[in-house]
Each structure stands twice: as C-alpha cells, then as structure tokens.
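Since the structure comes first, as structure tokens, the remarks are kept for the end.
The values are calculated or read from the model by the stated rules, or taken from the named source; none is laboratory data. For clarity, every value in this text was computed on a predicted model and none was experimentally measured. In this analysis, Cβ positions are derived from the backbone assuming ideal geometry, glycine residues included, and neighbour counts consider all displayed protein chains.
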Amino acid sequence: MLASATFTGESASGWQQVNFSTPVAVTANTTYVASYFTSSGNYSVTRQYFTSAYINAPLTAPASADSGGNGVYAYGATNTFPTGSYQSTNYWVDVVFTGSS
C-alpha cells in the first residue's frame, strides 16, 4: 500500500472524494490499483466496462483481458488487496492525477 485516507463527512449520494495528506509519486509504465474498503457493502458498478482500454493521457486503464483483470475487488470483514475480477466491471474508484514537468 502506497497511501491511505479515511472518508469523513460524505453525503448519502453523489461523487465522493478524499485526498491524501501528501501526494503519491508514481512511475511511468507501471500499473497501480486504486481501491476503497466499505463495511456497508454499498458501491457502484458498470459491467463490461473494461472490455476495452480507457485512455485519458497520460493515464491508461487497460482492458481487463490485457491486464489479468481490471476492475478488481475483494470481499471481507477487513481491508484487503483486491484481486478478484468479474465481467470487466468498473467499480468507479478514480484517482486525481497531477503531472509534473
């Protein structure tokens, strides 16, 4: 795990955002996983989303078949690294990315 943050004051609906206390440095051409843990079981999904890669340069979300599973998840009572994949599903956990020069 490179970083973690805890949501506070989230609303009952709509987009939620939490920021890390310090930026996380990333390396080009490296795959990273952004995930969240909830004990309530509430999450959004779009199945068959990652059947193709999605590119928002300079970032790429690879197709599930090309990456060994994109849209990964894990079920459990505690936070654990997600490794399961089902129907190329997007669970709508995004990152805020700011490039450097």
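Numbers below:
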read-out: Whichever residue in segment 19-35 is touching a residue at least 24 places away in the same chain (Cβ under 8 Å) and more than 11 Å from LEU2 (Cβ to Cβ) and, among such residues, is farthest from the chain's Cα centre (by Cα); value: ALA28
read-out: Failed criterion for PRO82 (all others in (1) loosely packed, with under 10 Cβ neighbours inside 10 Å; (2) under 12 Å from the mean Cα position of the chain (by Cα); (3) not acidic (Asp, Glu) hold); value: (1)
read-out: For THR51: the one exception among (1) farther than 16 Å from PHE97 by Cα; (2) without any contact (Cβ under 8 Å) to a residue 24 or more places away in the chain; value: (2)
read-out: Residues of segment 1-23 that turn out to be closer than 21 Å to PHE81 by Cβ, exposed (fewer than 10 other Cβ atoms within 10 Å of the Cβ) and among the β-branched types (Val, Ile, Thr), as a count; value: 1
read-out: The lone exception for GLN16 - which of (1) touching a residue at least 40 places away in the same chain (Cβ under 8 Å); (2) part of a loop (DSSP other than H, G, I, E, B); (3) closer than 16 Å to VAL95 by Cβ it fails; value: (1)
read-out: Close pairs (9 angstrom Cβ cut-off, 6 or more residues apart or separate chains): under 14 Å from MET1 (Cβ atoms) in segment 68-91, charged (D, E, K, R) and at pLDDT below 90 anywhere; value: none
read-out: Residues that are loosely packed, with under 11 Cβ neighbours inside 10 Å and either among the polar types (S, T, N, Q) or modelled with pLDDT of 95 or more (or both), drawn from segment 25-54; value: THR27, ASN29, THR30, THR31, THR38, SER39, SER40, ASN42, SER44
read-out: Condition check for THR30: of a type in the set (Ser, Thr, Tyr), in a loop (DSSP other than H, G, I, E, B) and farther than 24 Å from THR89 by Cα; value: no
